[in-house]
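Here the structure is laid out as structure tokens; the discussion comes afterwards.
The values are calculated or read from the model by the stated rules, or taken from the named source; none is laboratory data. On a predicted model such as this, the values are computed, not experimentally measured, just so you know. When we count neighbours, we look across all protein chains shown, and the Cβ atoms used for this are built from the backbone with ideal geometry, even at glycine. Side chains included, ligands, DNA and RNA excluded: accessible areas come from the protein's heavy atoms. Shrake-Rupley method; radii C 1.70, N 1.55, O 1.52, S 1.80 Å.
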Amino acid sequence: MVRAYAYPRLDSAIWSSAEAAPAPDRVLAFNDEAGQLVYVDSRGYPARLDLRSGALTVTRKPKLAGITSSDGASIYAITDSGAVTRITPTGRWTFKAPLRTRDVLPQSDGSILVVGEKNGQAVLWHLFPPDSRIIDTVEVPRAAKARRLQAGDRVVLVLDSAIAAVRARDLAPVPSAELKGRILDVAPTPSGDRLYVALAGSPELHVIDRYREGESGKVELPGAMSALRMDPLGRYLLARPLKGDSAWVIALGTQRVIGTVATSWRADLPVVAPDGKLALASGSDVRFVDAETLRPASTVRGGAKDFWHFILWDGFRPRNAALDAPVTFDMRDTVRDSATVAARAADTAQPTDLSEIGRVPSGPPSTGQQPPPSQAQPGSGQATPPATQATPRTTGFVVSFATLLNEEGARVEASRVKVDGEQARVVSSMVGGRPVYRVVLGPYASRADAERVGKRAAHPYWIFEGMP
């Protein structure tokens, strides 16, 4: 089950999926336009979760490896025959490289780099799916077994004690950096301008600057490291000590070690939230502390049993701007049809951003459920209903199951929802000169009553409080 919370308000979920979701192993990407989260589940299958409709798609065949995504829309993987496959909501595309594929690196411009190996060299092919023509090729010496990662517009190949790179757009080589020690981990900044490198047995964090074409400095840590984790916004770096359950917090702007925090290391935690708090796994709980001062901020009891992921999302696919205007129900409530939505997936709010957090719990679903409206459908050509007249607003709670531009479709949806003998109804209003149809129940005197009804309906739903 996936629950959504509007971070930092973590006491009550605003949305919950109608069906159970497989526990994630790692999150690949989030598509903010479509509201889709793609991840690899605990059995190694790629999964796509639509946070607007609650629909979940898991691809179980064929057997896939090297699963990746850069945009949350296209999932790339390698089949057991060594071919590249792309999985999208509309279909699949397959590419057979001249050599067996070892890796796929999707780029921000829609192209991909396919990696093979030949005589100890890494071979990279550049192409733009679904066109299967190879537009560029490069061979990188001694890099057949190198770890590959994306660093902005460059692809970095991590060798035993050196770092090579190529520009993704034209596969032009970038000067390599030689280091005195075995490389354990590399963490690029979001822009790719700097690489932070941890060496085996060394307390020094090496900084590689792309503009200086080599090492630009070092950060002295209290001890040797075993792993690095970058803040998605590039403000902090977390370093895992070689021993113990803790993390060193490094401020990247000043290259200074802020201090140490206690936390277990998992695929999802510790992590830096969009507001600069650190989310830490502490026993069965998740603690939040300020990254600058390390002062405790809040604790989510029992939160460690969930898988956490933060996203920034306004909750809706781009649409007619007029539909974001306030909508008046034809009875007692006025509800604004734009909301801060979050995904809490098994799945933040800054002054100028809509922030979301996702956890997938292993326990029973939360009672605070609010699924997003259904996708609007084109008009059916039926007569336009009269505009709804505004009526006195209340402080009641309305359960909304769908929002459509088609009255017939809305009535079909309403016929499927019935709770305690009460049939869902369709309410309409004029927005931007065109009718909008909503499937609702309520209003109810309290949020608890509305949540009870929504849960018993066994359909994705939103809960709206009457606007003042």
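Descriptive notes on the structure:
- Rg over Rh for the range 233-287 works out to 0.95, using Cα positions for both radii and the Kirkwood form for Rh.
- Ranked by how many other beta carbons lie within 10 Å on average, peptides 208-214, 169-175, 276-282 from highest: 276-282, 208-214, 169-175
- Residues of the range 89-215: accessible area per residue with a 1.4 Å probe, Å²: 48
- Along principal axes, Cα extents of the range 118-227, largest first, whole Å: 50, 30, 22
- Here the accessible area is traced with a 1.4 Å probe on the protein chains. For the range 137-285, carbon and sulfur cover 49 percent of it.
- Mean Cβ count within 10 Å, highest first, over the residues of peptides 188-197, 398-407: 398-407, 188-197
- Residue list for the range 256-273, given a label point 7 angstrom along the Cα-to-Cβ vector of ASP245 and an amide N cut-off under 16 Å: 261-271
- Ligands, DNA and RNA left out, the 1.4 Å accessible surface of the range 1-82 is 46% carbon and sulfur atoms.
- Solution diffusion estimate, µm²/s, Stokes-Einstein, the range 159-201, Kirkwood Rh from C-alpha pairs, 25 °C, viscosity 0.890 mPa s: 217
- Cβ-Cβ FRET estimate between ARG147 and ALA458, R0 fixed at 51 Å, reported to 0.05: 0.65
- Computed magnitude of the charge dipole of the range 1-130 (debye, nearest 20; Cβ of K, R +1, Cβ of D, E -1): 460
- With every protein chain in place and a 1.4 angstrom probe, the accessible-area ranking of PHE95, PHE128, largest first, reads PHE128, PHE95.
- With DNA, RNA and ligands ignored, accessible area of THR299 (1.4 Å probe; Å², nearest 10): 70
- Cross-link reach list, lysines versus LYS418, counting only Cα pairs under 30 Å and skipping chain neighbours closer than eight places: LYS455
- Net length available on complete extension from ASN119 to SER226 is 35.4 nm, with 0.36 nm assigned per residue and the Cα-Cα distance removed.
- Förster-model FRET efficiency, 35 Å R0, SER216 and THR57, C-beta, rounded to 0.05: 0.20
- At R0 = 30 Å, FRET efficiency that the Cβ-Cβ distance of ASP80 and ARG182 yields, to 0.05: 0.40
- The distance from the alpha carbon centre of the range 93-128 to that of the range 224-299 is 34 Å, rounded to a whole number.
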